[in-house]
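Asker: Shown below is the structure under consideration.
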């Protein structure tokens, strides 16, 4: 494993010239947008974009869910995603028969958790937004998922996420690093959120990170940590806490399971991992393998834990899973330093102050 890690790092360093070329292309593209040579479209309703400057998980989906929970009882909210790794193309609006294969993991997760929210997907957001507004003319607020670097749309409010321990200030362009946009693009953000922080992050370290990011006067910086909720059964929804007496089989196909594994190492007696590739499409053979791995655990008190993203791809096997102890572990952002109230107020104020808002 260590050999593969160092081999991967070495290969990325060798690709440094390609990173320079990629960075140059990104800089030229941003210059053309900044000078209005390439136009950005705006719309006459509040649009909030959630995104990052790098590839990989910074917590975009939980942040979209946070915003949906915050706003859904006050406004008619819709969310628009690209629909990464779905099997369809073009614009689609989720309905009662929609599957993850049709709209993607994250949008399906939004649709499942917020059935009263309009959930749409479309690679070309500038085309998808008018279609969404035509299908759902009552829409008052749109949340764009993973849209910070998609500059064809000019959101009214930009939320930029960067991960603690992998700040955009310390990264470099793909493929040597993980940046897909230049670090200076953070200036477009209204709010910067440092995610996946230790729960005991000190004020001194917080202040050091703020100095490193160097926010502009109009920007606010917040810090969040991962909060895991109470696991619920994938079919019945019944809840069950993980205890120090439980042996867990972790079933996951996500990009970065390290925080989840760290959590299980602290909350369960032991855990075994059955890993799949990111966005893996589960088959009946996978279900049989999960069942076998679980049966091989020679203990009485045991359970299967999976992520919400994996759950939306496992749901098609509900008939097989209903009699298995497969529990979904929800994840949320928890604001540190009492920042949640201020963040909520900033978002609500943006919407209330938007031209034409009557609420």
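The values are calculated or read from the model by the stated rules, or taken from the named source; none is laboratory data. Quantities reported herein were computed from a predicted structural model and do not represent experimental measurements. Glycine gets a Cβ as well: all are built from the backbone with ideal geometry, and neighbour counts include every protein chain shown.
Asker: I'd like the residue in region 185-220 that is assigned to a helix (DSSP H, G or I) and without any contact (Cβ under 8 Å) to a residue 12 or more places away in the chain and, out of all such residues, is farthest from residue 258 (Cα to Cα).
Answerer: Going through the qualifying residues, I end up with 211.
Asker: A further question follows. I'd like the residue in region 224-241 that is in contact with a helix residue (DSSP H, G or I) (Cβ under 6 Å, 6 or more places away or on another chain) and either assigned to a strand (DSSP E or B) or not assigned by TED's automatic domain parsing to the domain that holds residue 318 (or both) and, out of all such residues, is farthest from residue 334 (Cα to Cα).
Answerer: If we take residues in region 224-241 being in contact with a helix residue (DSSP H, G or I) (Cβ under 6 Å, 6 or more places away or on another chain) and either assigned to a strand (DSSP E or B) or not assigned by TED's automatic domain parsing to the domain that holds residue 318 (or both), then 228 is farthest from residue 334 (Cα to Cα).
Asker: Limited to region 25-81, what total is found for residues that are over 23 Å from the mean Cα position of the chain (by Cα) and at positive phi?
Answerer: Result for region 25-81: 1.
Asker: Determine, yes or no, whether residue 148 is in contact with a strand residue (DSSP E or B) (Cβ under 8 Å, 6 or more places away or on another chain), under 17 Å from residue 29 (Cα atoms) and assigned by TED's automatic domain parsing to the domain that holds residue 54.
Answerer: Yes: the conditions hold for residue 148.
Asker: Any idea how many residues of region 228-260 are exposed (fewer than 14 other Cβ atoms within 10 Å of the Cβ), in contact with a strand residue (DSSP E or B) (Cβ under 7 Å, 6 or more places away or on another chain) and under 14 Å from residue 307 (Cβ atoms)?
Answerer: 1
Asker: Give me the pairs, please: first residue somewhere in region 20-36 and touching a residue at least 24 places away in the same chain (Cβ under 8 Å), second residue anywhere and assigned to a helix (DSSP H, G or I), beta-carbon distance under 8 Å, and either six or more positions apart or on two chains.
Answerer: 30/185
Asker: Looking at region 313-326, can you tell me whether even one residue there is outside any helix (DSSP H, G or I) and out of contact with any helix residue (DSSP H, G or I) (no Cβ under 9 Å at 6 or more places or on another chain)?
Answerer: yes
Asker: For region 282-292, state whether one or more residues are in contact (Cβ under 8 Å) with a residue 40 or more places away in the chain, farther than 25 Å from residue 65 by Cβ and touching a strand residue (DSSP E or B) at 6+ places or on another chain (Cβ under 9 Å).
Answerer: Within region 282-292, one or more residues are in contact (Cβ under 8 Å) with a residue 40 or more places away in the chain, farther than 25 Å from residue 65 by Cβ and touching a strand residue (DSSP E or B) at 6+ places or on another chain (Cβ under 9 Å).
Asker: Mind checking which residues of region 124-139 are part of a loop (DSSP other than H, G, I, E, B) and out of contact with any helix residue (DSSP H, G or I) (no Cβ under 8 Å at 6 or more places or on another chain)?
Answerer: Scanning region 124-139 gives 124, 136, 137, 138.
Asker: Taking the condition touching a residue at least 24 places away in the same chain (Cβ under 8 Å) and farther than 21 Å from residue 59 by Cα, does residue 267 pass?
Answerer: When the stated conditions are applied, residue 267 passes them.
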